[in-house]
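Working notes, structure below.
The values are calculated or read from the model by the stated rules, or taken from the named source; none is laboratory data. Computed from a prediction, not measured in an experiment: that's the story for all the values here. Neighbour counts run over all protein chains shown; Cβ positions are idealised from the backbone, glycine included.
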């Protein structure tokens with residue numbers, strides 16, 4: 001039973017990260033379309049935010065799988 005719950009927890013962490021990064025990409029595309037001259041700054045901020053989300057997702061997956 002614990003292994004199944006750990007897999008569900010890890011899956012939820014990955015799904016949440018995917019949704020978060022998708023929202024970041026959406027916002028970056030919209031921001032660049034509205035202000036093309038700020039594209040470099042928007043891209044940099046997007047990459048940093050995506051890396052932070054990936055780190056949090058990795059932490060969630062590790063915690064979910066180690067709780068087993």
ask   = Condition test on residue 8, is it surrounded by 12 or more Cβ atoms within 10 Å (Cβ to Cβ), out of contact with any strand residue (DSSP E or B) (no Cβ under 6 Å at 6 or more places or on another chain) and assigned to a helix (DSSP H, G or I)?
value = no
ask   = Can you tell me how many residues in segment 21-47 are under 8 Å from the mean Cα position of the chain (by Cα) and either at pLDDT below 95 or not in a helix (DSSP H, G or I) (or both)?
value = 0
task = May I ask you to list pairs of residues, at least six apart or on different chains, whose Cβ atoms are under 6 Å apart, with the first in segment 41-68 being farther than 13 Å from residue 20 by Cβ and the second being loosely packed, with under 12 Cβ neighbours inside 10 Å?
result = 68/2; 68/3
query = What's the number of the condition residue 46 fails, among (1) surrounded by 15 or more Cβ atoms within 10 Å (Cβ to Cβ); (2) under 30 Å from residue 67 (Cα atoms)?
reply = (2)
